[in-house]
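Participant: Structure provided below as structure tokens; questions to follow.
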Amino acid sequence: MIRLKRFLQYLFLTIVSIISVFPIYWMAVSATNKSIDVIRGKLVFGTYFLENWKNLFTVSAVGKAMLNSFKYAIVLTILALFVCSLAGYGFEIFHDKGKDAVMSIILLAMMVPFAATMIPLFQMFSKAKLLNTTIGFILPTISTPFLIMLFRQSARSFPHDIIEAARIDGLSEMGIFLRMFFPTMRSTYAAAMTITFMNAWNSYLWPKVVMQDANSITMPMLVANLTEGYITDYGMLMLAVLLCTIPTVIIFFILQKSFAEGITGAVK
């Protein structure tokens, strides 16, 4: 009975794993086949990868889009980690009822869809002349309720006795944050970095609105542009999707252990 139960568990996990990995496999296979083969549902690797590669780099500015995506995602990730961790640290270490009320309002902001605020944001950024700028890309998401909550939950496990001892020794509050809190919460920072980088890299709606210059195109925008027109080259499209996916996959696999520790630590 125990062996049968274990067999069914492994069988279930195997099926779920195959279902989860299949879209990535199909994407990689499609990138090596002709468009007609992709439409027919060919599930084996082909020999058309180099042709798709040449066509993709001929008809679109992949290098420019990749460079822009890296620039925007890296800058946004660094600033968001600093701002949100500092906010979460402050909400917990300098805790009072007023800050709890503010935190409740911040969490309520998670219920508001971005589409509801997109038009007012565009009008504000247009008047401030921040269109087609890095600041225009990162400013609306430099601080998110989820990340603030994540760092606040992690700060609850930070020993307050150490903070008091550091204050007695004359260390400033920013020094405590940078020299003591930051090194201790590495797993939380890793989890937050993974989430922020992936969201910034995959962002499409806001960059599509605020980045109106062709030189400001990002990878998700480039992929969307490949579907426009009367004829779509699905082999080339799948190759673009594959290139767009690789950076986030690498980041996640490098930080997956720290990501799990950071999320579970924040939940506790």
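Table: residues versus (1) at pLDDT below 85; (2) within 22 Å of Ala73 (Cα to Cα); (3) acidic (Asp, Glu); (4) buried (at least 20 other Cβ atoms within 10 Å of the Cβ).
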site	(1), (2), (3), (4)
Met180	yes, no, no, no
Pro183	yes, no, no, no
Arg186	yes, yes, no, no
Ala191	no, yes, no, yes
Thr196	no, yes, no, yes
Leu205	no, yes, no, no
Val209	no, yes, no, no
Ala214	yes, yes, no, no
Ala224	no, yes, no, no
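Participant: Shifting gears a bit: In the set Ala166, Ala190, Ala155, which member is small (Gly, Ala, Ser), under 30 Å from Phe253 (Cβ atoms) and more than 13 Å from the chain's Cα centre (by Cα)?
Facilitator: Working: Ala166 fails: under 30 Å from Phe253 (Cβ atoms); Ala190 fails: more than 13 Å from the chain's Cα centre (by Cα).
Exactly one of Ala166, Ala190, Ala155 is small (Gly, Ala, Ser), under 30 Å from Phe253 (Cβ atoms) and more than 13 Å from the chain's Cα centre (by Cα), namely Ala155.
Participant: Pairs only if they're at least six apart or on different chains, beta carbon under 9 angstrom, first in the range 3-24 and under 28 Å from Leu43 (Cα atoms), second at pLDDT 90 or above and basic (Lys, Arg); list them, first residue then second.
Facilitator: The qualifying pairs do not exist here.
Participant: Only one of Ile119, Ile168, Ile74 is over 24 Å from Trp201 (Cα atoms) and aliphatic (A, V, I, L, M). Can you tell me which? Before you say what the answer is, go through the steps one by one.
Facilitator: Working: Ile119 fails: over 24 Å from Trp201 (Cα atoms); Ile74 fails: over 24 Å from Trp201 (Cα atoms).
None of the others qualify; the one that does is Ile168.
Participant: Kindly list, by first and then second residue, each pair from a residue in the range 222-237 that is within 21 Å of Asn68 (Cα to Cα) to a residue that is among the hydrophobic types (A, V, I, L, M, F, W, C) and in a helix (DSSP H, G or I), limited to pairs with Cβ atoms under 6 Å and residues at least 6 apart or on different chains.
Facilitator: Leu222/Ala65; Val223/Ala240; Val223/Val241; Val223/Cys244; Leu226/Leu237; Leu226/Ala240; Met236/Leu56
Participant: Which residue pairs have Cβ atoms under 9 Å apart, sit 6 or more places apart or on different chains, and have a first residue in the range 61-84 that is of a type in the set (Val, Ile, Thr) and a second that is outside any helix (DSSP H, G or I)?
Facilitator: Listed by first residue and then by second, the contacts come to Val83/Ile142; Val83/Ser143.
Participant: Sticking with this one: So how many residues does the range 143-175 have that are crowded, with 20+ Cβ neighbours inside 10 Å and hydrophobic (A, V, I, L, M, F, W, C)? Step through it out loud before you land on a result.
Facilitator: So in the range 143-175, the residues crowded, with 20+ Cβ neighbours inside 10 Å come out as 144, 147-148, 150-152, 154-155.
With hydrophobic (A, V, I, L, M, F, W, C) added as a condition, the list becomes 147-148, 150-151, 155.
Number satisfying all stated conditions: 5.
Participant: Another question about this same structure. For Phe94, state whether it is surrounded by fewer than 16 Cβ atoms within 10 Å (Cβ to Cβ), free of Cβ contacts under 8 Å to residues at least 12 places away in the same chain and closer than 30 Å to Arg156 by Cβ. Let's see the steps before the verdict.
Facilitator: Working: surrounded by fewer than 16 Cβ atoms within 10 Å (Cβ to Cβ): yes; free of Cβ contacts under 8 Å to residues at least 12 places away in the same chain: yes; closer than 30 Å to Arg156 by Cβ: yes.
So Phe94 passes the test.
Rundown of residues vs (1) in contact with a strand residue (DSSP E or B) (Cβ under 9 Å, 6 or more places away or on another chain); (2) at pLDDT below 90; (3) loosely packed, with under 15 Cβ neighbours inside 10 Å, yes/no style:
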position	(1), (2), (3)
Phe7	no, yes, yes
Leu11	no, yes, yes
Thr14	no, no, yes
Ile19	no, no, yes
Thr32	no, no, no
Arg40	no, yes, yes
Asn52	no, no, no
Ala73	no, no, no
Leu79	no, no, no
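Participant: Also: Which of the following residues is within 25 Å of the chain's Cα centre (by Cα), buried (at least 16 other Cβ atoms within 10 Å of the Cβ) and hydrophobic (A, V, I, L, M, F, W, C): Leu107, Leu86?
Facilitator: Testing whether each residue is within 25 Å of the chain's Cα centre (by Cα), buried (at least 16 other Cβ atoms within 10 Å of the Cβ) and hydrophobic (A, V, I, L, M, F, W, C) leaves just Leu86.
Participant: Now, a different point. Residue under question is Phe197, and the condition is that it be under 24 Å from Gln256 (Cβ atoms) and either without any contact (Cβ under 8 Å) to a residue 24 or more places away in the chain or part of a helix (DSSP H, G or I) (or both); does it hold? Let's see the steps before the verdict.
Facilitator: On the way: under 24 Å from Gln256 (Cβ atoms): yes; either without any contact (Cβ under 8 Å) to a residue 24 or more places away in the chain or part of a helix (DSSP H, G or I) (or both): yes.
In short, yes.
The values are calculated or read from the model by the stated rules, or taken from the named source; none is laboratory data. Quick caveat: nothing in here was measured; it's all calculated off a predicted structure. Cβ sites come from the backbone with ideal geometry, for glycine too, and all protein chains shown count toward neighbours.
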